[in-house]
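Enquirer: Quick one: the structure is below, questions incoming.
Just so it is clear, none of the values below were taken in a lab; they were calculated from the coordinates. From a predicted model like this one, the values you see are computed outputs, not experimental measurements. Here the Cβ is made from the backbone with ideal geometry for all residues, glycine too, and neighbour counts use every protein chain on show.
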Amino acid sequence: MADLDLQDIHDTLVSIAFDAGRMILSANPSDIDQGTKLNSADIVTECDKAVEAHVSTTLRAKYPTYAFMGEETYQPGQKLGDEPTFIVDPIDGTTNFVHGFPHACISLGFAAGRVPTVGVVYNPYLDTLYTAIRGRGAHMTVGRSWGLGEGGKGKVSKLPLAKTPAPLGALDTALLAVEWGSSRDDDNFELKAEVFRKLCLAKTKGGAMVHSLRSLGSAALNLCAVAAGQLDLYWEGGCWAWDVCAAWTILHEAGGLMVSGNPGNWKPEIDERKYLAVRGAPSGQKEIVEEMWAIIGDKKMDYTS
Ligand code: IPD
């Protein structure tokens with residue numbers, strides 16, 4: 001890792017993110033060339049493929065010895081190794097993109113030794129850029145391509161946004177993100193629906209009575225919102241390394257915690273496809289994880305890559 005120029009990788013990814021943002025915004029939502037993969041809710045567009053081609057061409061030219069894993073060129077069985085690897089989702093939130101719902105991003109991650117190490121996530125609709133390098137903090141920049149902020153470079157904030165984040169309370173004080181995912185015919189779906197119900201149900205009925213659940217349609221942006229402290233938790237099963245790699249570094253650098261979406265595992269793998277993210281807080285992280293795992297109970301989500 002000592003020989004990796006993480007700042008250069010970061011700067012390259014930021015530049016690519018702005019290129020991708022222009023490509024995403026130039027698509028006309030009423031005229032997007034789209035198809036499906038596993039089912040009608042698993043969507044891919046020509047724009048996803050064009051952005052990934054631009055990203056991989058640029059990265060392979062500049063870093064020819066590093067590996068590349070991208071959502072649209074992933075081959076079943078492709079393994080993520082220890083070598084330096086770019087892990088990329090060209091459009092995270094494709095369903096939002098095709099509906100013209102302005103909540104999607106490009107997610108550009110870099111891992112070394114299977115550890116998320118550099119992360120760049122950019123939502124072009126809100127001109128909001130999230131960035132982090134392991135050990136060097138996480139930042140959010142708003143309005144850089146709009147020329148806002150000092151010298152037109154955008155308004156930069158350190159993450160989390162609160163200078164002194166509040167302690168985490170119990171689940172009945174929390175705002176959570178969850179996602180339905182595109183697989184709807186298996187036990188994972190039944191478990192998710194049951195957990196969503198238990199999270200929302202009144203305490204008098206045995207539920208956790210959370211403030212509410214949000215399903216915003218982008219794993220990377222959900223994680224960035226947890227990093228920022230705008231959401232308390234995010235629970236998901238079924239998403240992939242390219243959905244989480246970039247934002248995982250951002251979450252980590254903002255003091256957040258990533259554990260498994262299945263109870264009991266405090267150290268999830270980057271490609272384990274089941275995650276629970278908790279915002280940074282001076283206390284209460286461990287307790288809220290345990291409360292959430294108790295709601296899930298002894299059933300386990302099972303996703304095979
Ligand atoms: C999806 C989104 C969604 C999550 C899915 C992902 P995509 O990514 O992140 O929020 O629930 O698991 O696959 O398909 O929009 O790149």
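Enquirer: At 0.36 nm per residue, and after removing the present C-alpha to C-alpha distance, how many nm does the segment from residue 126 to residue 78 gain when stretched out fully?
Expert: 13.9 nm
Enquirer: Quote the FRET efficiency, to the nearest 0.05, computed for residue 28 versus residue 62 with a Förster distance R0 of 35 Å and r equal to the Cβ-Cβ distance.
Expert: Rounded to the nearest 0.05, the efficiency is 0.70.
Enquirer: Please give the calculated 222 nm ellipticity per residue for the chain, where each DSSP H segment of at least 4 residues contributes -39500 (n - 2.57) and the sum is spread over every residue; nearest 500 deg cm²/dmol?
Expert: That comes out to -9500 deg cm²/dmol.
Enquirer: Tell me, 187, 31 in order of fewest to most beta-carbon neighbours within 10 Å?
Expert: Lowest to highest Cβ neighbour count: 31, 187.
Enquirer: For a bin width of 5 Å, list the pair-distance distribution of the stretch 72-159 built from all Cα-Cα distances, rounded to whole %.
Expert: 3, 13, 18, 19, 19, 14, 9, 4, 1, 0
Enquirer: If you average the C-alpha positions of the stretch 286-305 and of the stretch 172-237 separately, how far apart do those two centres end up, in angstrom?
Expert: One Cα centre to the other: 12 Å.
Enquirer: Based on the mean of other Cβ atoms within 10 Å per residue, sort peptides 281-294, 223-236 so the most packed one is first.
Expert: So the peptides 281-294, 223-236, ranked by packing, come out 223-236, 281-294.
Enquirer: Another question, if that's okay. Applying 1/(1 + (r/R0)^6) with R0 = 41 Å to the Cβ-Cβ distance of residue 190 and residue 11, what FRET efficiency is obtained, to the nearest 0.05?
Expert: Efficiency at R0 = 41 Å is approximately 0.35.
Enquirer: If we restrict to alpha carbons, what Rg and Dmax does the stretch 213-303 come to, in Å?
Expert: Every Cα atom of the stretch 213-303 included, Rg and Dmax give 11.9, 33 Å.
Enquirer: Report ³J(HN,Hα) in whole Hz for each residue of the stretch 122-130, in order, from the Karplus equation J = 6.51 cos²θ - 1.76 cosθ + 1.60 where θ = phi - 60°; Gly and Pro get x.
Expert: 10, 9, x, 5, 9, 6, 10, 10, 10
Enquirer: How far apart, in nm, are the 7 Å Cα→Cβ label points at residue 42 and residue 212?
Expert: 3.1
Enquirer: Among 247, 219, 27, which one moves the most in a GNM of the chain with springs linking Cα atoms closer than 10 Å?
Expert: Judging by the Gaussian network model, the answer is 27.
Enquirer: Treating the Cα atoms of the stretch 1-58 as identical point scatterers in vacuum, please give the log10 of the normalised Debye intensity I(q)/I(0) at q = 0.26 Å⁻¹, two decimals.
Expert: Taken in order of the listed q values, log10 I(q)/I(0) reads -1.06.
Enquirer: Remind me, what semi-axes does the chain give for its equivalent ellipsoid, largest first in whole Å, using sqrt of 5 times each Cα gyration tensor eigenvalue?
Expert: The three semi-axes for the chain are 29, 22, 20 Å.
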